[in-house]
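Novice: Take this structure first; my questions come after.
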Amino acid sequence: MPNLKLIKNRIKSVKNTQKITMAMKMVAAAKVKKAENQVKASRPYAIELAKSFIKLMAENPEIDKVKVTSPNPLDNYPELLKQRTLNTVGLLIITSDKGLAGAYNASVVRKAVARIREIVEEGLAVKLFIVGTKGIQSLKKNNFDVIKTYTKLPAIPTPASCEMIAEDLAESCINHEIDKIEIITTNFKSTLVYQVQLWQLLPVVIAPQKPEAEEEKHNKIESEMLFEPSVEAVLQKIVPLYFTNRIYQAMIEASASELAARMQAMSAATNNARDMIKTLTIDYNKARQASITQELLEVVSGAEALSG
C-alpha cells in the first residue's frame, strides 16, 4: 500500500515548485514585453544605418586605401574594410547567463557547433567569442579555440557593453588573428517564436544592384551623396557606429528571445506541476480510502472474532 505521508510530502514539494515556476513566468512575461518594444523600436534605425553604410561602401570602392592611424581599433576603418585572404573566421556566439529557458541555449550551441564544423571542413580555422555562461560551459567542453568570453553583462543590453565586444573583434581583425566575423544569435519574431540565425558582420556584404528597365532608369533621378566635412570624417564615425549597432541589435534580439523562451518554459513547468498535483491527489485519496477500508475490515473482523 502506498505511503500516505510520502505522497503528501510529494504534493507539498510539487506545490512549492509550482509557486517558483509561476513567479518566474510572471517575471519573464513582464520583462519580455519591454524587450519586445526595445527590439521593435531599434529595428528601423538598424536597417537604415545598414543601408546608408552599404551605400557608402558601394559608392567608395577605394575606402581601404585611405591611411588612418588611431589607437582605437574601431576607428581604423581602412584595415577593417580591406579585402583580405580568408584563413580564420571569428564567431561571436550569443547565449544567456541563466538557464531555465527551455531549449534556447541548446539551440544556439547546436547551431554554433554545426557552423564550426562547416568552417573546419572548408579548411579554415575558427576562433570563438562567446557571450553567456551557458555557451561557455557547453563549447569549452569541445576544446574549441575560445579567444574571449563575456559574462554578467547588463540584463538589458546597452550600447556601451556592445562597443566593448566590437572593439575586441576589431582588434583581432586588425592584428590579423581573424579575417571574417560572423554572429550566431536568435531573431525575435514573437513571444512564441524565435529563430537561430547566422549574421555576417565582416566583410560587409554589398548586394548587387538589380537591373532596371530603360524607362525607369531614364525617369529616375540619380541621388548623390555629399560628405561633410569629408568622406574620411564620416567613415570615422559611421564604421564604429555600424559595427557596434549590429552587435547591439544581435544582443537585444537574443535577450528578447531568451525571455520569451523562459516564459514558455516556466508556463509549461507550471502546467506540468498542476497536472502532477492532480495525479498525486488522486493517488493520495485512493490510498487514504484503501487505508480506511482496511481499518474497517480489521474492526469488523475483530468484532466477529469476539462475538464468535
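The values are calculated or read from the model by the stated rules, or taken from the named source; none is laboratory data. The shown structure was predicted, so the numbers you read here are calculated from the model rather than taken from an experiment. Don't worry about glycine lacking a Cβ; one is built from the backbone with ideal geometry, like all the others, and counts go over all protein chains shown.
Novice: Just name the residue that is farthest from Ala106 (Cα to Cα) out of those in region 164-199 that are surrounded by 15 or more Cβ atoms within 10 Å (Cβ to Cβ) and among the hydroxyl-bearing types (Ser, Thr, Tyr).
Specialist: Ser172
Novice: Applying the selection to region 8-30, what residues are over 27 Å from the mean Cα position of the chain (by Cα) and closer than 15 Å to Thr281 by Cβ?
Specialist: Correct list: Lys8, Asn9, Arg10, Ile11, Lys12, Ser13, Val14, Lys15.
Novice: Of the residues Ala268, Ala305, which is out of contact with any helix residue (DSSP H, G or I) (no Cβ under 7 Å at 6 or more places or on another chain) and either among the β-branched types (Val, Ile, Thr) or touching a residue at least 60 places away in the same chain (Cβ under 8 Å) (or both)?
Specialist: Of Ala268, Ala305, the one residue that is out of contact with any helix residue (DSSP H, G or I) (no Cβ under 7 Å at 6 or more places or on another chain) and either among the β-branched types (Val, Ile, Thr) or touching a residue at least 60 places away in the same chain (Cβ under 8 Å) (or both) is Ala268.
Novice: Please work out which residue is nearest to Pro154 (Cα to Cα), limiting yourself to region 127-143 and to residues that are assigned to a strand (DSSP E or B) and touching a Gly at 6+ places or on another chain (Cβ under 9 Å).
Specialist: The residue in question is Phe129.
Novice: Within region 152-178, restricting attention to residues that are assigned to a loop (DSSP other than H, G, I, E, B) and modelled with pLDDT of 90 or more, which residue is farthest from Gly123 (Cα to Cα)?
Specialist: Ranking the qualifying residues of region 152-178, first place goes to Glu177.
Novice: Kindly provide the set of residues from region 120-143 that are surrounded by 17 or more Cβ atoms within 10 Å (Cβ to Cβ) and more than 16 Å from Ser172 (Cα to Cα), ordered by number.
Specialist: The answer is Val131, Gly132, Thr133, Lys134, Gly135, Ile136, Ser138, Leu139.
Novice: I've got another one for you. Looking at Leu100 and the list (1) part of a loop (DSSP other than H, G, I, E, B); (2) within 21 Å of Asn187 (Cα to Cα); (3) modelled with pLDDT of 90 or more, which single condition is not satisfied?
Specialist: (3)
Novice: Continuing with this model, one more query. Please tell me if Leu100 is buried (at least 19 other Cβ atoms within 10 Å of the Cβ), aliphatic (A, V, I, L, M) and more than 13 Å from the chain's Cα centre (by Cα).
Specialist: When the stated conditions are applied, Leu100 does not pass them.
Novice: Consider only pairs whose beta carbons are under 9 Å apart and that are at least six residues apart or on different chains; among these, list those whose first residue lies in region 195-213 and is of a type in the set (Val, Ile, Thr) and whose second residue is at pLDDT 60 or above and part of a strand (DSSP E or B).
Specialist: Val196/Ile184; Val196/Thr185; Val196/Thr186; Val196/Asn187
Novice: Tell me yes or no: at least one residue of region 205-228 is surrounded by 17 or more Cβ atoms within 10 Å (Cβ to Cβ) and at pLDDT 65 or above.
Specialist: No.
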